1. Enter the angle in degrees (range 0 to 90, nearest 10) between the Cα long axis of helix 290-302 and the first principal axis of the Cα atoms of the chain, meaning the one along which they spread out most.
2. Sort Lys95, Lys270 so the one with the fewest other Cβ atoms within 10 Å of its own Cβ comes first.
3. Could you pull out every residue, at least 5 positions away or on a different chain, whose amide H is within less than 5 Å of the one on Val96? Hs are placed 1.01 Å off N in the peptide plane, and Pro or chain starts have none.
4. Quick one: 3J(HN,Hα) in Hz for the range 206-222, Karplus 6.51/-1.76/1.60 with θ = phi - 60°, rounded, Gly and Pro as x.
5. Taking the range 1-115, how many lysine pairs are there with alpha carbons less than 13 Å apart, if each pair must be eight or more places apart or span two chains?
6. Quick one: Leu233, Leu57, fewest Cβ neighbours within 10 Å first, how do they rank?
7. Rounded to the nearest 10 degrees, what's the angle between the helix 18-29 long axis and the longest principal axis of the chain, both from Cα atoms, 0 to 90?
8. State whether the chain is rounded, prolate or oblate according to the following rule on the C-alpha gyration tensor (a ≥ b ≥ c being the square roots of its eigenvalues): a/c under 1.5 gives rounded; otherwise a/b larger than b/c gives prolate, and the remaining case gives oblate.
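Bear in mind these aren't lab numbers, they're just calculated from the coordinates by the rules spelled out. Since this is a predicted model, take the numbers as computed values, not measurements. Note: ideal-geometry Cβ built from the backbone for every residue, glycine included; neighbour counts use all protein chains shown.
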Amino acid sequence: MLAQPTLILIVGPTAVGKTELCLNLAKKFKTDIVSCDSRQFYRELEIGTAKPSPKELAEVPHHLINSISIYEDYDVKQFEQDALRILGDLFKEKKVVIMTGGSGLFAKAISDGLDEMPEIDPQIRTQIIQEYDEKGLTFLQEEVEKGDPVYFSEVDIQNPQRLMRALEVIRGTGKPFSSFRKQKKTERQFRILKIGLTRDRVELYQRIDTRMDQMIEAGLFEEAEKFFDQCHLNALQTVGYQEIFGFLEGKYDREEAIRLLKRNSRRYAKRQLTWFKKDPEIQWFNPSELNQIMNWIDKELAS
């Protein structure tokens with residue numbers, strides 16, 4: 001009998017194979033899967049977010065997939081509250097729950113809690129938004145890299161909302177954004193086992209390219225075009241949509257858009273690994289090592 005409820009947190013880069021492992025684990029422990037993938041919350045975005053298929057969603061109960069609209073404001077603080085409420089309900093009946101995703105900040109919110117950020121003058125935010133509108137994403141990237149190289153090495157640099165948030169803290173306090181992210185870890189009412197999935201880099205990049213080809217075949221360009229008028233929304237400021245919006249704006253041709261989709265997805269995977277590799281609590285496996293993963297979990301649960 002487990003002394004306390006246990007959350008098995010499965011993290012890793014895009015296209016590494018998290019979904020298949022989580023389905024296997026959920027069936028083994030007769031439990032549910034909670035998503036901490038910030039791209040999969042949005043119900044309108046199907047193809048570009050690499051959600052589990054309808055068949056996979058039907059095999060095991062999933063939570064926080066298709067849970068909100070792209071038109072809703074939703075941040076990591078709200079996610080933390082929602083996820084903890086769901087976990088609290090699930091742990092009333094289950095001793096083990098699975099959580100998975102590639103969004104490092106959202107996974108950290110559950111495992112460590114969120115850092116307390118300073119209040120910033122709203123005028124600073126307004127000024128930064130205006131500068132972004134005039135000068136574009138490259139401006140934000142350069143400013144954050146200059147003001148906080150540590151955070152720049154971890155953040156999704158294609159996400160202007162994250163960059164603007166960091167920049168407003170840098171300007172509002174005169175300190176790096178990352179200096180506010182080292183607060184005391186929050187103790188949870190459940191135990192957390194962390195598993196990271198990784199593959200040989202060449203193999204992972206091939207899987208990313210193949211997945212992108214499959215997404216395009218499934219209608220990724222058409223999906224992005226449908227939301228072109230909403231391209232300013234936070235939910236759409238992400239790899240997989242931004243590259244196609246550039247094509248739709250006439251900045252480059254379709255072939256170049258596909259090249260950028262693949263390149264930026266590979267870069268995103270690299271940044272995900274950089275983030276997760278800094279956590280010494282994560283036990284790393286290749287997704288093919290199913291028996292070793294199961295044995296490690298059983299051993300940890302028994303200890």
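1. 70 degrees
2. Details: Lys95 17, Lys270 14.
Placing the least packed residue first, the sequence is Lys270, Lys95.
3. Counting only residues 5 or more places away or on other chains, the set is Thr6.
4. 5, 5, 5, 4, 5, 4, 5, 4, 5, 4, 5, 5, 7, x, 4, 4, 5
5. So the count works out to 7.
6. With the sparsest Cβ surroundings first, the list reads Leu57, Leu233.
7. Orientation of helix 18-29: about 30 degrees from the principal axis.
8. Values: a/c = 1.77, a/b = 1.29, b/c = 1.37.
Because a/c hits 1.5 or more and a/b fails to exceed b/c, the chain counts as oblate.
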